[in-house]
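The values are calculated or read from the model by the stated rules, or taken from the named source; none is laboratory data. What you see is a predicted model, and the numbers here were worked out from it, not measured in a lab. Reconstructed Cβ throughout: ideal geometry from the backbone, glycine too, with neighbour counts over all protein chains shown.
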Amino acid sequence: MLDSVQRANQFFSVFVRIWILLSALLTASGWLLSAFQLANGAGYTIMLVLTAGAILFWQRKSRGRPDKSPGRWVVIHRQRFKRLAPMLFLVLALLILLGGLLYPPVNGSSTAYRIPRVMHWLAAGRWHWIHTLDVRMNIAGCGYEWFCAPLILLTRSDRLLFLPNWLSFLLLPGLIYSLFTRLGVRPRVAWWWMWLLPSGWCFIFQAGSTINDAFATAYALASVDFALRARLNKKTGDLWLALLAAALATGVKQTGILLAVPALLAVWPSRNLLFNRPLASLAVATACLLVSALPTMIHNTQHTGNWSGVTPESWGKEVIESPFWGLIGNTFCLATQNLKPPLFPFADAWNAARMKFLHTPFGAHFLAFENFGYMSFGISETTAGIGSGITILMLISLGAARCCRRMSGAAPAANSRDPFLRLLRWVPWGLVLVFMARVSTFENQRLLAPYYILLFPALLASPGQSVLVHRPWWQSLARLVLVLAAGLLVISRDRPLFPSQTVVGWLAARHPNAKLVSNMSRTYAETPAAEKQRLRLWKNIPPGEAILGYAAADLGGLAETPLWLPFGRRQIQRVLPEDTPEQLRSAGIHYVLVQRDYLLMTHDTIEQWLARYGGVLLTQWESLQDPYAPPEGFYLVRLQ
C-alpha cells in the first residue's frame with residue numbers, strides 16, 4: 001500500500017507545482033496590472049493570452065519527454081480510495097463542494113471587506129487605498145483576493161469564490177504525506193495522518209468558504225517539502241518552487257509572515273544551487289518579492305506609518321501588557337477553543353463568568369485581548385480551530401505511543417535522528433510561541449490554521465506512533481474523527497446540508513421554551529437572513545443607479561457585497577463622516593444606504609443626517625446580520 005502511495009505522490013507533486021505557479025501568476029498579475037491600471041477584463045485577457053502563449057512554447061520545447069502515464073495515475077488513485085480513511089476524505093471533499101455551490105459567502109470578513117475590496121479594485125482598474133473607515137479593506141494581505149478577481153470577472157457572481165480554498169484543501173493529503181516522511185515520520189503514520197489532519201474543523205469549514213486563514217496552509221507545507229526535495233535531488237527548480245511557495249504563504253495574511261521561517265531554514269543547505277543559474281534565480285527572487293507580503297507592507301507603511309497597518313488608533317485595541325501575559329492568555333484561549341465540543345450549550349454562562357473574571361486583578365492582565373475567552377454556542381468557519389476531534393486524538397496518541405514503544409521496542413525512522421530535520425520539526429513550535437506572545441485579536445484559533453499541521457511532525461516522529469497506528473482501537477478512533485467531521489459539515493450553520501429551517505421549526509413548535517432549541521434556532525438563522533437581505537437590497541435600490549453611497553460603521557459594512565450584485569452593474573462608494581454633501585454630489589451619488597450603527601458612531605439621528613446632507617428618507621428596514629446580535633437597521637436616502 002505504501003509503495004502505491006509513494007508512486008501516487010510523485011504524480012501528485014505535478015499538481016502542487018501547477019498550483020504554486022498558478023498562484024504566483026495570479027498574484028503577480030494583480031500587482032503588475034494595477035501598475036498599468038489594467039486590473040480589469042481587458043488586462044486579465046491580455047494576461048491569459050500571454051500565459052497561453054508561454055505554455056504552448058514550453059510544450060514545444062519539452063516535446064519528446066517521457067509520458068507521465070495519466071492512466072496509471074487514475075488507477076493508483078482508484079485503488080487508494082477503496083480504503084475507508086481516504087474514502088471518508090473524498091466524502092468530506094464532496095460535501096464541502098456541495099455546500100460551497102449551494103450557499104453564497106455569508107461570513108463577516110468576506111461580506112464586509114474581502115469581496116468589496118476586490119470590487120473597488122476592479123472598478124478602478126488597480127489596487128488603491130480605498131476611501132473607507134474599515135482599515136481591513138486596505139491593510140490586509142491580498143493573496144486570496146488576487147484569486148477572486150478573475151473569478152468575479154468571469155462569473156459576475158460570488159458563488160464560486162470558494163474554489164481557491166477548496167482546491168487548496170484537496171492538495172493537503174499529498175503534501176502532508178510527502179513532508180511528514182521527509183521530516184522523519186514513519187510512512188504508515190504519515191498515511192493515517194494525511195487523511196486525519198485535513199479533517200480539522202478549520203480546514204473543512206474554510207474549504208467551502210471565502211475565509212482565508214487556512215488558504216496559506218498548502219503553501220507553507222509545499223515550501224518546506226520542496227526545499228527538502230532540493231536538498232536530496234540537487235534540483236534548482238525545486239528550490240525555486242520552495243521560495244515561491246514561502247513568499248505566497250506570507251502574502252495571504254500578515255499573521256502568516258512567520259511561515260517563511262521554516263522554509264528559509266529548509267532552503268539554507270541548498271542555497272548554492274541558486275548560483276547554478278544566477279539570472280533565472282534573480283528573476284525568481286523578484287517574483288517572490290512581488291507575490292509576498294512586501295507590496296502590502298510598503299503600502300501600509302506609506303499610509304499608516306506601520307508595516308502591518310494596525311495601530312491602536314486605527315484598530316481601537318490596546319497592546320498586550322507583555323509577551324508573558326500574551327503567552328498565558330493565548331494558551332488558555334487556544335486550549336479551550338480547540339477542546340470545545342461542536343455544541344456548547346453553556347456558552348451564556350461561560351461568557352458571563354469570563355466577564356466577571358476580567359474584572360478581577362488577575363483577569364485585568366487580559367483586558368487587551370479582543371473578547372478574551374469568548375465562546376459561541378456552536379462551531380462555524382469563523383470560530384473553528386483544529387477541532388476537539390483531532391486535539392483529543394492527538395493527546396490520546398501521545399500517551400498510548402509511549403506505552404507502545406516500551407512494549408515493542410520499535411525503532412525510529414532512519415532520518416528522524418538527523419539534527420537538521422529535528423530542528424525543522426521544532427521550529428514551528430517556536431513560531432507559535434512568538435505568535436501567541438504578540439497577537440491578541442479575536443478568534444486566534446482560526447488565525448493559526450496554517451501553522452497547525454506543521455506542529456505535528458515533532459509529535460508523530462516517535463517510534464511508538466508507528467506501532468500505535470496498527471492498533472484496531474486507534475484506527476476506529478481515527479475513522480470516528482473523520483465521520484464526526486462529515487457530520488459537522490452536514491449540520492454546519494453556514495452551509496447546512498439538511499432542511500435546517502424545517503427541523504428547527506418543528507423542534508421549536510414542540511419545545512417552545514427549551515433554551516437549547518432557541519440557541520439552535522438562532523444558529524441556523526444566519527444563512528436565510530443573508531438571502532433575505534440580498535433580496536431586500538435588490539428590491540429597494542434603484543436598478544439604474546451607477547454609483548451608490550454606503551455609510552457604514554468602521555467594522556460594520558456587512559451589507560456591502562450584496563450592494564455590488566450583480567457584479568459589474570454599479571459601484572459602491574463609502575461615505576465617511578467628514579464627507580460633505582458637495583463631495584457626494586460631485587462623485588455622482590444620488591442614493592445613500594445609511595447603517596444605523598453608523599449613526600450611533602457619529603452620534604447623529606437619521607433626521608440630523610438628512611438635514612445635513614439634504615436627503616429624503618425613502619424607506620427603512622431591519623435585517624439580521626448576526627444571529628447572536630440585535631437586528632441591524634438600514635435607511636435608504638435620496639439626495640436632493
Practice item. Write out, first by first residue and then by second, each pair whose Cβ atoms fall under 6 Å of each other, whose residues are 6+ apart or on separate chains, and whose first residue, in the range 414-441, is within 15 Å of Asn330 (Cβ to Cβ) while the second is polar (S, T, N, Q). Key: Met436/Asn330
Check your understanding: Regarding Arg188, is this residue within 30 Å of Pro278 (Cβ to Cβ), part of a helix (DSSP H, G or I) and basic (Lys, Arg)?
Key -> no
Study note, to complete from the structure: For the range 40-50, the count of residues that are surrounded by 14 or more Cβ atoms within 10 Å (Cβ to Cβ) and among the polar types (S, T, N, Q) equals 1
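Just a yes or no: is a residue in the range 336-353 on the phi > 0 side of the Ramachandran plot and loosely packed, with under 14 Cβ neighbours inside 10 Å? Break it down stepwise before answering.
Start the filter on the range 336-353 by keeping residues that are on the phi > 0 side of the Ramachandran plot, which leaves none.
There is no residue in the range 336-353 that is on the phi > 0 side of the Ramachandran plot and loosely packed, with under 14 Cβ neighbours inside 10 Å.
Among Leu160, Leu88, Leu151, Leu97, which is in contact with a helix residue (DSSP H, G or I) (Cβ under 9 Å, 6 or more places away or on another chain), more than 22 Å from Gln595 (Cα to Cα) and part of a loop (DSSP other than H, G, I, E, B)? So that I can check it myself, show each step before the final result.
Working: Leu88 fails: part of a loop (DSSP other than H, G, I, E, B); Leu151 fails: part of a loop (DSSP other than H, G, I, E, B); Leu97 fails: part of a loop (DSSP other than H, G, I, E, B).
Selected residue: Leu160, the only one of Leu160, Leu88, Leu151, Leu97 that is in contact with a helix residue (DSSP H, G or I) (Cβ under 9 Å, 6 or more places away or on another chain), more than 22 Å from Gln595 (Cα to Cα) and part of a loop (DSSP other than H, G, I, E, B).
Among the candidates Trp191, Trp129, single out the residue that is touching a Leu at 6+ places or on another chain (Cβ under 9 Å) and either in the same structural domain as Ala112 (by TED's automatic domain parsing) or free of Cβ contacts under 8 Å to residues at least 60 places away in the same chain (or both). Give the derivation first.
Values: Trp129 fails: touching a Leu at 6+ places or on another chain (Cβ under 9 Å).
None of the others qualify; the one that does is Trp191.
Could you grab me the full set of residues in the range 498-525 that are among the aromatic types (Phe, Trp, Tyr) and either in a helix (DSSP H, G or I) or in contact with a His (Cβ under 9 Å, 6 or more places away or on another chain) (or both)?
First, the residues of the range 498-525 that are among the aromatic types (Phe, Trp, Tyr): 498, 506, 524.
Answer for the range 498-525, where residues must be among the aromatic types (Phe, Trp, Tyr) and either in a helix (DSSP H, G or I) or in contact with a His (Cβ under 9 Å, 6 or more places away or on another chain) (or both): just Trp506.
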Review point. When both residues are 6+ apart or on different chains and their Cβ atoms are under 6 Å apart, which pairs have a first residue that lies in the range 242-263 and is closer than 19 Å to Ile18 by Cα, and a second that is aromatic (Phe, Trp, Tyr) and in a helix (DSSP H, G or I)?
Key: Ala242/Phe226; Ala245/Tyr219; Leu248/Tyr219; Ala249/Tyr219; Val252/Phe215
Check your understanding: Looking at the range 359-366, is at least one residue closer than 30 Å to Val517 by Cβ, touching a residue at least 12 places away in the same chain (Cβ under 8 Å), of a type in the set (A, V, I, L, M, F, W, C) and surrounded by 17 or more Cβ atoms within 10 Å (Cβ to Cβ)?
Key -> no
Check your understanding: assigned to a helix (DSSP H, G or I) and either over 26 Å from Glu560 (Cβ atoms) or of a type in the set (S, T, N, Q) (or both) - does that describe any residue in the range 114-128?
Key -> no
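Report yes if Phe369 is under 30 Å from Val261 (Cα atoms) and modelled with pLDDT under 90, otherwise no.
It is true that Phe369 is under 30 Å from Val261 (Cα atoms) and modelled with pLDDT under 90.
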Point to revise | Positions within the range 100-111 being assigned to a helix (DSSP H, G or I) and either in contact with a strand residue (DSSP E or B) (Cβ under 9 Å, 6 or more places away or on another chain) or not polar (S, T, N, Q) (or both), in sequence order | key: Gly100, Leu101, Leu102, Gly108
**Study point:** Index of the failed condition, Ser322 passing every other in (1) at pLDDT 90 or above; (2) polar (S, T, N, Q); (3) out of contact with any Asp or Glu (no Cβ under 9 Å at 6 or more places or on another chain)
**Key:** (1)
